[in-house]
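The values are calculated or read from the model by the stated rules, or taken from the named source; none is laboratory data. Note that the structure is predicted; figures quoted are calculated from it, not measured. Please note: Cβ atoms are built from the backbone with ideal geometry, for glycine as well, and neighbour counts cover all protein chains shown. Note: areas computed on protein heavy atoms with side chains; ligands, DNA, RNA excluded. Shrake-Rupley method; radii C 1.70, N 1.55, O 1.52, S 1.80 Å.
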Amino acid sequence: MLNEPIPFDPAHDLDALAASGALGGNVALFRQPRGRDLLRRAAPLEEWCALRARHGVWPYGRTLDGPPAPMATVEGDGLAARQGINFASQDYLSLAAHPAVLDAAMRVLAECGPHSAGSAILLGNSRYSGLLEEAIGALLACQHVTLFPTGWGAAFGAVTALVHGSDHVLIDALAHASLRQGAQAATRNVSAFRHNDCDHLRELLAGIRAVDAGGAILVVTEGLFSMDADSPDLPLMQYLCREYGATLLVDVAHDLGAMGPGGTGAIGAQGMLGRIDIVMGAFSKTFASNGGFVACLEPSVRRQLQLFAGPHMFSNALSPVQAATVLECLRIATSTEGERLRADLMRNAVELRALLHEEGMRCIGSASPIVPLLLGSESATRVAGMLLAREQVFVNPMEFPGVPLGAARLRLQLMARHTPAQIRTAARKLGAAVRRALEAPRPALRPSDQG
Ligand code: PMP
């Protein structure tokens, strides 16, 4: 707990909340504090976070008690309710508490112990990591797979290992921070194309090729965008890459396992299995474990990653327990049980979106495990998140740097095991909280709030 929360009665206290300053400002204002004292120059950030926490509008760094279930116990600053309907955890197919997954994890814990004993290149691999590489390669029809201890490391590692200073990266403007930071670390030649806009991508590709016939170009996008719940036209993107001698990388962190025929995600749904240059993903959304991978048809790319991707080479490998957990989740996700779980997940997504529409809300994107409610205003998003937590509905209020400034939203992540009753209750409470938050007094905008 950062601070003791101030008791709050939403019926009367929204004016006081607006006057407190806790609804103003944004993280961008504190990104680059000045002064030579590295230990103390972030003090204004600490004060701003503490102010927000005291007023119940700092929804980050909370603690989940127990597994990431649809009904969960959450502890955090200013949080009155402890038990609630949980849309703030990532476990799309509800596999984290699946008996077969727990059983596999416990068996391998007893067999191998709890940790990996080195980086993958130095005896950190296990029988289970080898089987996992094979299983991912088979699912994606992309046989050369490299594992990473986190999805973040897979994204950052892939881009930095493959791209050099004289190469180019063209990246979707809304791609995940792991990919953007990888691009920035790899080369100064980074341009963003408008979100899912293939015409803009073609324009940028042509512009580069007009002046640089020989440099490599990596085009980066996602199978399902984690804040927007939409997907690019993958066949067209891959075609454009071929036309301009570029390479396509698709991050399938949010769709692999959870969507598409047999759990093959957006790539399978768009008929592109085995036809995307490089596929990377994270296990943390659907496969009940930390970890990530990069898959490719070229064995030399795997070798390049093994030796030059920092998070693979210089970080301890996935543990055998993690590898066995993901392996078991993959087995379930690709079975008939997996089909049923995906159908339940999609039923929840369609139902929630329809009910929110009836409440007068607009969800962006399309039916998927991610349901984003775009509010725009940071202050309204903070108020809505706080009101919902008090009403025992946990969502993630997203603002900069998770999303652009002025594009704040509530993000809900669904699970196969959310019940229809939970979906109905949540939709009703979401409607009421969002209406209340949009009517609530706003802090006066100062020029400095623009970031
Ligand atoms: N890519 C995307 C699209 C993500 O959303 C995330 C996690 N939020 C990652 C990569 C990183 O994965 P992990 O958190 O498992 O390291």
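General remarks:
- Looking at the stretch 99-333, the DSSP beta bridges with both ends there are about 40 percent antiparallel.
- Rounded percent of accessible protein surface that carbon and sulfur make up, the stretch 349-449, 1.4 Å probe: 54 percent
- FRET efficiency for the pair GLU46 and LEU307, taken as 1/(1 + (r/R0)^6) with r the Cβ-Cβ distance and R0 = 35 Å, rounds to 0.30.
- Ligands, DNA and RNA are left out, and with a 1.4 angstrom probe the accessible area of the stretch 99-333 is 39 Å² per residue.
- About its Cα centre, the dipole of the chain is roughly 440 debye, where the only charges are +1 on Lys and Arg Cβ and -1 on Asp and Glu Cβ.
- Heavy-atom SASA rank of ARG40, ARG435 (probe 1.4 Å, accessible area, largest first): ARG40, ARG435
- Computed over the stretch 252-383, the ratio Rg/Rh where both radii use C-alpha atoms and Rh is Kirkwood: 1.05
- Cut-off under 5 Å, modelled amide H: who pairs with HIS98 long-range: none
- The listed residues TRP152, TRP48, TRP58 rank as TRP152, TRP58, TRP48 when sorted by accessible area, largest first, using a 1.4 Å probe.
- Phi to ³J(HN,Hα) by Karplus 6.51 cos²θ - 1.76 cosθ + 1.60 over the stretch 29-34, Hz, x for Gly, Pro: 5, 10, 5, 10, x, 9
- Principal semi-axes in Å for the chain [√(5λ), Cα gyration tensor, largest first]: 36, 27, 22
- Other-chain or far-sequence residues with amide H under 5 Å of PHE148's (modelled H): GLY292, PHE293
- For the chain, share of DSSP beta bridges that run antiparallel, in % to the nearest 5: 60 percent
- Remark: the GLU358-SER166 segment gains 63.9 nm on full extension, using 0.36 nm per residue and subtracting the alpha carbon distance.
- For the stretch 99-333, a crude dipole built from +1 on the beta carbon of Lys and Arg and -1 on the beta carbon of Asp and Glu, taken about the Cα centre, is about 460 debye to the nearest 20.
- Surrounding net charge for ARG347, when Lys and Arg each add one and Asp and Glu each subtract one, Cβ distance under 12 Å: +2
- The gain in end-to-end length when the ALA110 to SER335 segment is fully stretched comes to 78.4 nm, 0.36 nm per residue minus the alpha carbon separation.
- The HN-Hα couplings worked out from phi for the stretch 416-432 by the Karplus form 6.51 cos²θ - 1.76 cosθ + 1.60 (θ = phi - 60°) are 4, 8, 4, 8, x, 5, 5, 5, 5, 4, 5, 4, 5, 5, 4, x, 5 Hz, whole numbers, x standing for Gly and Pro.
- Protein heavy-atom surface of the stretch 99-333, 1.4 angstrom probe: 56% of the accessible area is carbon and sulfur, with nucleic acids and ligands not counted.
- Amide proton proximity set for MET71, modelled H, under 5 Å, gap of 5+: ASN86
- Take each peptide in 409-419, 120-130, count the other Cβ atoms within 10 Å of every residue, and average; sorted highest first, the result is 409-419, 120-130.
- Model label sites at ALA117 and ASP103, defined 7 Å from Cα along the beta-carbon direction, differ in position by 2.9 nm.
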